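In what follows, a structure is listed as structure tokens, so that the remarks can point back to it.
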Amino acid sequence: MQLDFIHKPSGHCENGVVSNLLRYYGVEMSEAMVFGLGSGLFFAHMPFIRLHGMAVTSFRPLPGDIFSRVLSLLNIKIKRYKFRDRDRSMRVLDSLLERGIPVGMLVGVYHLPYFPREYRFHFNAHNICVTGKEGDVYTVSDPVVVDKCTLTYDELKVVRFASGTYPPKGRMYHIADVSSKRGVTKDAIRRAILKNCNSMLNIPIPMFGVKGIRFLAGRMRKWERRMGSKRAALNLAQIIRMNEEIGTGGAGFRFIYAAFLQEAAVLMNNPRLRELSAQMTTAGDMWREFSYNAARLIKKRDVEPLTYDQLADKLIAISQKEEAIFRELANICRL
Amino acid sequence: MKVNEVPQDGRILESSGVRDLCYATDENGDYKQVISVGWDAKIVALDFTWESIYQECEEIKKEVLSGDKSPLAYHLHRLVMTPEILSDYSGFSKREIKRWCRAKHFNKLSGEQLSRLASALRISVEQLTSLD
């Protein structure tokens, strides 16, 4: 059985799943709009959570947050699940598919067969959407893959219950009721932007938002002294991977958010937002330049590559840039 | 990033269906979607990470050959597993798995225990007891 589900690839996995799901229920919304309404731009550097023995740097809120936020702004009812019993999780999935409901879910990428081998780390915050089942084989719409792909029952069960940092535990979600939905209002956009300003500017813990970028910069300056050049380079490589890799991209997120601001400028009839979109593009370019220089440091390509101190200075510049953007956005959107 | 600046440095993604969808601005400053097959900076970071994993594997290999560590330690590292993750997949305790990373404890494992470990690592028992 196959649902009539249109698959479109996207820059970030969760946006893509949400936008594809919405399209199935007749709500056409771009990925950038989903990302913006979900207040998806974030930064967190958390030394107390480890991935491969190194601090986790994240450019996104917790998986599932974008989905919940967007659909609550649209007043669409959703249902989220989490399981302990693996077989039950698959039975519930099957019965939902039989009722004609496409189901988004969280998976680990380590065992995903269609991923390139180089990408298969124990990273557990990838989103896919299951849209059909033929015998033992599920049809999967994975936003980072160009076409739909397939997973067998066993493969799907393994990736849904992957282990490691932030185990998905069979988490899945679907749209339950669209009868009372409303369109994207100016007020919804305004609130979404404010929420994003809030998470970037006002979390009173130094690890999150623009403060988090500075926190990372401060720690980066000490890396070489604290753990030697090899380990420091590994940490730096992990930041680049988190910054640029499929579905988690930090620089990429800035560009998606800039695209959202452009759409918002039209909908809100506010040309100032378009200017801020251009500023956000600059911030994204600064992140890319950071990754580019960091990669050169790792490869020791130049005679005199940048030092960790200089890279940290770049991060400080980025944090100042983003702080200025979000302060201005908050000013525009506050009533 | 401008549309014509989107990097197209293949190699890792080319052979799979996975692509990067990038957002870039066209000549009017409007955002467009561009599909990319990868970027050098990212490939450098990935390569470096894998290289250092393989290097560490080689060192563990030496310790296995000298009879100190067990092949399990080698495969754990090669498959970027940790004792925690393997303990989750196999049902053995973390402590047991750490113990079996030493050759003298590993050699006492029963066939049934070995096959449980091997299936959790998704390799064969022959592989688990050797250094392939």
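The values are calculated or read from the model by the stated rules, or taken from the named source; none is laboratory data. Keep in mind that what you see is a predicted model, and the values were worked out from it rather than measured. In this analysis, Cβ positions are derived from the backbone assuming ideal geometry, glycine residues included, and neighbour counts consider all displayed protein chains.
On the basis of being more than 8 Å from every other protein chain (Cβ to nearest Cβ), in a strand (DSSP E or B), surrounded by fewer than 19 Cβ atoms within 10 Å (Cβ to Cβ) and basic (Lys, Arg), does B:LYS61 make the cut? If you could, list the steps in order and put the result at the bottom.
On the way: more than 8 Å from every other protein chain (Cβ to nearest Cβ): yes; in a strand (DSSP E or B): no; surrounded by fewer than 19 Cβ atoms within 10 Å (Cβ to Cβ): yes; basic (Lys, Arg): yes.
Taking the combined requirement at face value, the residue does not satisfy it.
Out of (1) buried (at least 20 other Cβ atoms within 10 Å of the Cβ); (2) within 14 Å of another protein chain (Cβ to nearest Cβ); (3) among the basic types (Lys, Arg), the odd one out for A:ARG171 is which?
(2)
Could you grab me the full set of residues in region A:160-212 that are among the hydroxyl-bearing types (Ser, Thr, Tyr), assigned to a loop (DSSP other than H, G, I, E, B) and touching a helix residue (DSSP H, G or I) at 6+ places or on another chain (Cβ under 7 Å)?
Initial filter on region A:160-212 (among the hydroxyl-bearing types (Ser, Thr, Tyr)): A:163, A:165-166, A:173, A:179-180, A:185, A:199.
Filter once more, keeping what is assigned to a loop (DSSP other than H, G, I, E, B): A:163, A:165-166, A:179-180, A:185.
The answer is A:SER163, and nothing else.
Which one of these does A:MET105 not meet: (1) closer than 24 Å to A:ARG241 by Cα; (2) within 14 Å of chain B (Cβ to nearest Cβ); (3) modelled with pLDDT of 90 or more?
(2)
Can you pull out the residues in region A:144-159 that are buried (at least 18 other Cβ atoms within 10 Å of the Cβ) and either of a type in the set (Gly, Ala, Ser) or assigned to a loop (DSSP other than H, G, I, E, B) (or both)?
Answer for region A:144-159, where residues must be buried (at least 18 other Cβ atoms within 10 Å of the Cβ) and either of a type in the set (Gly, Ala, Ser) or assigned to a loop (DSSP other than H, G, I, E, B) (or both): just A:VAL144.
Would you check if there is a residue in region A:252-266 being among the small types (Gly, Ala, Ser) and modelled with pLDDT under 90? Show your work before the answer.
Here is the first cut: in region A:252-266, the residues among the small types (Gly, Ala, Ser) are A:252, A:258-259, A:264-265.
Those still in the list that are modelled with pLDDT under 90 too: A:252.
Within region A:252-266, one or more residues are among the small types (Gly, Ala, Ser) and modelled with pLDDT under 90.
Check whether at least one residue in region A:17-35 is closer than 30 Å to A:GLY218 by Cα and either modelled with pLDDT under 90 or not aliphatic (A, V, I, L, M) (or both), and report yes or no.
The answer is yes, given that some residue of region A:17-35 is closer than 30 Å to A:GLY218 by Cα and either modelled with pLDDT under 90 or not aliphatic (A, V, I, L, M) (or both).
When you scan region A:283-314, how many residues do you find that are surrounded by fewer than 16 Cβ atoms within 10 Å (Cβ to Cβ) and either under 22 Å from B:LYS2 (Cβ atoms) or not aliphatic (A, V, I, L, M) (or both)? Steps first, answer last, please.
Step one: filter region A:283-314 for residues surrounded by fewer than 16 Cβ atoms within 10 Å (Cβ to Cβ), giving A:289, A:300-304, A:307, A:309-310, A:313.
Applying the additional criterion that residues be either under 22 Å from B:LYS2 (Cβ atoms) or not aliphatic (A, V, I, L, M) (or both) yields A:289, A:300-302, A:304, A:307, A:309-310, A:313.
Summing the residues that are surrounded by fewer than 16 Cβ atoms within 10 Å (Cβ to Cβ) and either under 22 Å from B:LYS2 (Cβ atoms) or not aliphatic (A, V, I, L, M) (or both) in region A:283-314 gives 9.
Determine if region A:263-270 includes at least one residue that is under 22 Å from the mean Cα position of the chain (by Cα) and surrounded by 19 or more Cβ atoms within 10 Å (Cβ to Cβ). It would help to see each step written out before you state the result.
Start the filter on region A:263-270 by keeping residues that are under 22 Å from the mean Cα position of the chain (by Cα), which leaves A:263-264.
Remaining after also requiring surrounded by 19 or more Cβ atoms within 10 Å (Cβ to Cβ): A:263-264.
Within region A:263-270, one or more residues are under 22 Å from the mean Cα position of the chain (by Cα) and surrounded by 19 or more Cβ atoms within 10 Å (Cβ to Cβ).
Just to check your reading of the model, which residue among A:LEU41, A:LEU21 is over 14 Å from the mean Cα position of the chain (by Cα) and either touching a residue at least 24 places away in the same chain (Cβ under 8 Å) or assigned to a strand (DSSP E or B) (or both)?
Details: A:LEU41 fails: over 14 Å from the mean Cα position of the chain (by Cα).
The unique qualifying residue is A:LEU21.
Please go through region B:85-122 and pick out each residue that is of a type outside the set (S, T, N, Q) and either within 15 Å of the chain's Cα centre (by Cα) or not in a helix (DSSP H, G or I) (or both).
Initially, region B:85-122 is screened for residues of a type outside the set (S, T, N, Q), giving B:85-86, B:88-89, B:91-92, B:94-106, B:108-109, B:111-112, B:114, B:116-118, B:120-122.
Scanning region B:85-122 gives B:ILE85, B:LEU86, B:GLY91, B:PHE92, B:CYS101, B:ARG102, B:LYS108, B:LEU109, B:ALA120, B:LEU121, B:ARG122.
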